[in-house]
Structures are given as C-alpha cells and as structure tokens.
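Here's the structure, in structure tokens; my notes come after.
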Amino acid sequence: MFETRMNELYRLVKYHAGLYYDKDSPEISDSEYDALVRELNELERDYPEFARKDFLTHNVGGSPSELFAKVNHDVPMLSLDNVFNPQELVNFFERIKAEGSFTCEMKIDGLAVSLVYEDGIFIRGATRGNGKTGEDVTANLMLVDSVPKKLINAPRGRVEVRGEVLMTLDRFNAVNEKRSENGEKLFANPRNAAAGTLRQSEKNNHVISERGLDIFLYYLVDAEKFGVKSQSGALKWLSEHGLPVQSACKLCKNLDEVNDFISFWQNERYKLNYVTDGVVIKLDDLTKWPEIGSTSHAPKWAAAYKYPPEEAKTRLKDIIISVGRTGVLTPVAILEPVRLAGTQVSRAGLHNADEIARKDIRIGDIVRVRKAAEIIPEIIDSDINSRTGNEKVFIMPEKCPACNSEIIKIPDEAAYRCPNRASCPAQLKESLKYFASRDGMNIKGIGKKLAEKLTASGKIKRLSDIYTLTADDWKNLDKIAELSANNILSQLEISKSRPFENLVTALGIPDVGKNTAVLITEHFGNIDALISADEENLASIEGVGPVIAHSVYEFFRNDENLQMINDFKAMGFNMSCKIKTSGSELTGKIFVFTGTLENMTRDEAGGKVKSLGGKVSGSVSKKTDYVVAGDMAGSKLKKAESLGVKILTEQEFLSIINDR
C-alpha cells in the first residue's frame, strides 16, 4: 500500500514540479505542492526501501531550458528545507546545535538567480536551474533596471551574488489586466510572471522592459574573501556596493526573537509590494556554516518557515460581467463578504467562461476562496456536497451589458468581446483611465472615479472630447471645486506637449505598451509616417514583430481612431520626435534622477536618456556622469556633491536632450 502511494506521489510531484519550474504554469498552489512533497518525504523516511534516491525531492529546482546556454555553478545553488509550525522550528534549532544570532529575512516568491561581476562590471547572470547547472540569462538580466551593471566601490576580481528576480504586485496587476484585455491567459502569480518574463528568448525579450522586473539580493558567495563573517554583514556589504536588499529583515538573538519576527510579519507582509510566503532563518555566523554542512539539496544552517495558506468558505451570490478597455468580457464573482489575509473580500476574478466551466462553479455555490499572490482573491473550487439543487450554471451573455451590442467569440481564444469600440461606455471609461495614466498622457486628477463620472454624464463620446470640456463642465461633475476644475484644465493643457511616445501609449493600441511605443515612435518620427506604415515595415523594427505590427496596422485602419487622431492634431498635440540614430553624444553617459521633476516623470526622463544612447542608474557613484536634481532632491544630491559629480537642474537637462 505504501509503495503504491509513494509511486503515485513521485508521479504527481514530478508532474507539478515540471509545470512550476520548467513551464512557469502551475496547476496547484504552492501549499498544495508543499503538502505532496512533505507527505512523500515522510514516507521516504518511514519506508526507505521504496525510496528513489535520485528523485527530484533530493535535488533542486527544474531542468535548464534548451533556449539558453548552460552555466555550471561553481558553488551549488541549493534550495531550503521548510518548517511549517513552531515545534518544527524548535526542532531546527535543536538539530543544528548552534548558539548565536540568526538573521530573519522575508522569503521572496521569485526566481533564484546568480549574478557575477568582474572588477565591478556585471558579466554574467544565470538561473538556479537544477542547482548545479542553470541557464545563461545575462542578456535578459541586462534589461532589468534594478540589476546594477556596475558595483559601487567595487573590489577587484570576481564577485558572485545571489537573489530573487521578482515582479512587484503593482506590475503584476497591470500585466494581468493587459493580458485580460487582450484575451490572453493570466499569470497564476507574480513568481510565474517573473519567471516566464525573464526566460524569454532573445527574439521576445523586449517584454522584459515592457512588463518590468525587479531584484533583491541576499547571498554573497565566498563572503569571507571580502572580510565578511556574518549573514547580517553580507546584507550590509551588498547594500553598500549598490546591490538591492529588502528592508524586511532583522538580526535576532534567540528563538523568541525569531518567533516575534515571524508573528509580526504574518499579517504585516500584506503591506509589501511583493509576494512573500514565509521567513528564511539563517545562522548569522558564516564561519560555522561549513561544519554544520548541507544535504544534497539544502543547507542545514538555514530553514524556511512557511506561513499556512489563508483560505475561507463563503457563498457565491452572483456572477457579473466587467467590460475592459479592449472590449473583453471578464466574469467577476460577487461573494458574501468574508475576511481573508487581513481584508474583507466580496469579489473575486473568474478569468473567463472556460475557467468557470472547468471548475464547475455555479451561482449559489459554497466556494473556497484564497488570495492568489496574497492579494488577488480567487475561487479555488465549489463544495459540490453542499448543493441544494437551486444553484445556477453560469452562461456568458449574448449582448454587452454596457451597450447591448452583440457579443463575439474570439477564434482560438477563451475571450468574448464587445466589438463596439466606438461608443461602448464601459470601454470608453477604461480607455479614459488608461489614457490619463502615468505611462499615457499623465493627466493628474483624472482617475477611476472621475472617469466613471465623465462617461456616466454623457459629455464625452471619444477620448479627445475631454479637451473640449469647460471649467463649468468639470465643476458640474459631482460638485468639483473651482480650483480643482482649473487644475484639471491646466493638466490637460500640459499633457498636449507630452512626448510623442506617451500619446501612442495612451491610444491603447492592443499589445502596445510604453516601451513598444518608444520603439515605434523613434523609428517613424511622426504620426503621419506611423499611420502610413505597412505591416512589414512595422514588423521589421527590432522588438516589435508580426503580432504587434498587425495590431498597430489595424488600429490605424479604423475611421473612428483616425478621427480621434485628427482631433488631437487640431488641438496642437506633440505628434513627432527625433528619429533615433545609431550614435549620440549621450551614448554611454550615466544619469541619475532625484527629486520631483515638473515637466515630466522620472520614467519619461529616463526613457529620453535611453533613447539617446545613455544609461540610467538608481544610485550615485564615481562612474555617474550627471545627476538631475528636481524639487525636494534627497541623499543622492548630497552624494553627488561629495563625489564631485556634475549636477543638472531640470531646465539644464531639458536643454541637453532637446539639443540632440
């Protein structure tokens, strides 16, 4: 009986590990996978005669992809053994028989990577892979802004550091919102979004900049070579050399302080902008690590305390339809309110009709709910045993709930779409929010609530109509004060001079985000050339490709869209930019921005620098060429002054880039 169960567990663990590590597309939650592995480990311990010694529970991670060159890790990249309750934590302390302090760090749910620097210059990045052999993702890591390309006060020779590539929750929500609008399969969680993004082929790696990734480092290889003798000292060393380190960490003197850290962060972690699923506890004294040793897959001097998954049962009262910016219809579950992961939950996303049918979720069911990625409510399944017979099977509507247009089913996709882009109020509302967003026209004052009021008022039929509204029109929207109305009018006027790529982003062309808009506008230079471009010319731009090319081409074949462009022309919008050339006086120059800029966001300013061949850094060093200081500039300005780095005002910066 036990051999049969172990064989079944070997099959299940191998299957789900392959989905998680190799395909970045899990079918079960981390806690469900952990439960399978834990059961298998316990059976292997009790019945060693049936154990498979070479199975992946005794190794690390997944298999390196054939898309990338292989990298052998000189020092294996091990995983961590998990503990799930206070008693197991006590057992860990007793097992290592080590006295002294312990560092506690939040366990980041990302993709483990190794970064190698030579004389302070980033030369190679690799995934963990199976612990011994990983994937060479150097070119892709070069596109992650928070990966330092040069270390501050770098030591001579080789430095290897390790950490987690992650996608923040803000970026994850934005990426999934875009995928939903395009009828694409949503990422299950930020970890899989980050892994899938970083492991793009060279042909598609433009999506790395498009989606946005970050990194935290937590391990310095051969730390004693640099005079570092503790894990807390290693974290300080990493930070001092410009490598990002998370702030959610603490040096704890004993087990009681470790337990206090775990208890504090159990609910506090939901305030972080990245996903954590536990606490990593490491003996702080590095000199004791070798004598304590490691197993084939995990160090004995560290453990990961995993928080229990938070789930709750509640009733599914109804399923309503949300219409997105591109007309995609998304089912939304309306729940009897239930408290989960520190907040009251009354709604949950259901992705699409196929997902509802696969899970057999019916209106009136008692459902299990959890927060995917600790923030997004999702329905796990229904309790079919509690059904009374009064539950209703959900059927997608035949007409758009916002404009009553006939719904169309997208071939080869799970998406249903309202085709009425011209006058569907739901699409207009979402388009307006996107148009006014920071990456778009960056119109301060126009957010979700005001977009809803505008479309409900009937005062606008297309995006360009917001520029025709008077101060009285704005004041009549739910009694907006005169000062606020004038501020909005001022912001609208300022937005007309935003860079050309902001306008192209704001138009909401499917599959075209900020970075793609930069590539397109710098290639064509003005709106007329872009409108006239054929698909072949568009697809020839490095980083664009045929799918985006088709989307752009079709957008400018639509009469409604062309009329909107003509409106913007008549209003004096900025519809041109300099075509990017192969060389520039700014090529290779390193800029750092600090404080608040008046005429553009720091992202926009950084984009201008990059378009001219320059580089943008998040920290000041002797290698920095310029620090651009806006209002309320902070410590970066002081450091620039101490190092003698050239400091520019915003106007001086604008003069430099406008002359190119």
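The values are calculated or read from the model by the stated rules, or taken from the named source; none is laboratory data. Note that the structure is predicted; figures quoted are calculated from it, not measured. Positions of Cβ are backbone-derived with ideal geometry, glycine not excepted, and every protein chain shown enters the neighbour counts. Note: areas computed on protein heavy atoms with side chains; ligands, DNA, RNA excluded. Shrake-Rupley method; radii C 1.70, N 1.55, O 1.52, S 1.80 Å.
Below are the figures for this structure:
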{"read-out": "List MET571, MET564, ordered by accessible area with a 1.4 Å probe, largest first", "value": "MET571, MET564"}
{"read-out": "Linear extension gain, LYS14 paired with SER201, 0.36 nm per residue minus alpha-carbon span", "value": "64.8 nm"}
{"read-out": "Estimated FRET transfer efficiency (LYS392, LYS97; beta-carbon r; R0 51 Å; 0.05)", "value": "0.25"}
{"read-out": "In sequence order, calculated HN-Hα J values of region 422-435 (Karplus, 6.51, -1.76, 1.60; Hz; x Gly/Pro)", "value": "5, 9, 6, x, 5, 5, 5, 4, 5, 5, 5, 4, 5, 4"}
{"read-out": "Coarse-grained scattering of region 405-495 at q = 0.15, 0.20, 0.22, 0.24 Å⁻¹, given as base-10 log I(q)/I(0) from a Debye sum over alpha-carbon atoms", "value": "-0.60, -0.93, -1.07, -1.24"}
{"read-out": "Heavy atoms of GLU32 accessible to a 1.4 Å probe, total area in Å² rounded to 10", "value": "70"}
{"read-out": "Potential extension, ASN487-ALA35 segment - 0.36 nm per residue separation minus Cα distance", "value": "157.2 nm"}
{"read-out": "Distance (nanometres) between label positions extended 7 Å along Cα→Cβ at ARG368 and ASN404", "value": "4.4"}
{"read-out": "Assigned charges on the beta-carbon of Lys, Arg, Asp, Glu; the chain dipole about Cα centre (debye)", "value": "1000"}
{"read-out": "For VAL137, residues with placed amide H under 5 Å, excluding near neighbours", "value": "GLY125, ALA126, THR127"}
{"read-out": "In Hz, Karplus ³J(HN,Hα) per residue of region 399-411 (6.51, -1.76, 1.60; θ = phi - 60°; x = Gly, Pro)", "value": "10, 5, x, 8, 9, 6, 6, 5, 7, 10, 9, 6, x"}
{"read-out": "Area of ILE520 that stays accessible when all protein chains are in place (1.4 Å probe, Å², to 10)", "value": "0"}
{"read-out": "Computed [θ] at 222 nm, helices only, for the chain once each DSSP H run of length n ≥ 4 contributes -39500 (n - 2.57)", "value": "-10000 deg cm²/dmol"}
{"read-out": "Extension gain, LYS569 back to GLU224 (0.36 nm per residue minus Cα-Cα distance, nm)", "value": "117.9 nm"}
{"read-out": "Isolated Cys in the chain, by beta carbon distance under 4.7 Å", "value": "CYS104, CYS249, CYS252, CYS577"}
{"read-out": "For the chain, the Rg and Dmax computed from alpha carbons only, in angstrom", "value": "26.9, 82"}
{"read-out": "Å² per residue, accessible surface of region 177-299 at 1.4 Å", "value": "44"}
{"read-out": "Which of LEU220, SER232, ASN205, positive extreme of dipole for region 164-263 (C-beta unit charges)", "value": "ASN205"}
{"read-out": "Sequence ranges 167-174, 358-365, ranked by mean other-Cβ count within 10 angstrom, highest first", "value": "167-174, 358-365"}
{"read-out": "Average projected area [Cα convex hull, region 169-298], square nanometres", "value": "11.0"}
{"read-out": "Under the Karplus curve 6.51 cos²θ - 1.76 cosθ + 1.60, θ = phi - 60°, whole-Hz ³J(HN,Hα) for region 144-155, x wherever Gly or Pro sits", "value": "8, 4, 7, 7, x, 8, 9, 7, 7, 6, 5, x"}
{"read-out": "Projected label distance in nm at THR468 and GLU641, using a 7 Å step from Cα toward the beta-carbon", "value": "5.2"}
{"read-out": "Protection-proxy order for peptides 231-244, 539-552, 384-397, each taking the mean of Cβ atoms within 10 Å per residue, highest first", "value": "231-244, 539-552, 384-397"}
{"read-out": "Which of MET575, GLY595, VAL645, positive extreme of dipole for region 509-660 (C-beta unit charges)", "value": "VAL645"}
{"read-out": "Distance between modelled label sites at ASN267 and ASN173, nm, 7 Å Cα→Cβ extension", "value": "2.1"}
{"read-out": "Loop-resident sites, region 559-654, for trypsin sites (Lys or Arg not before Pro), counting at most 10 other Cβ within 10 Å (DSSP)", "value": "LYS622"}
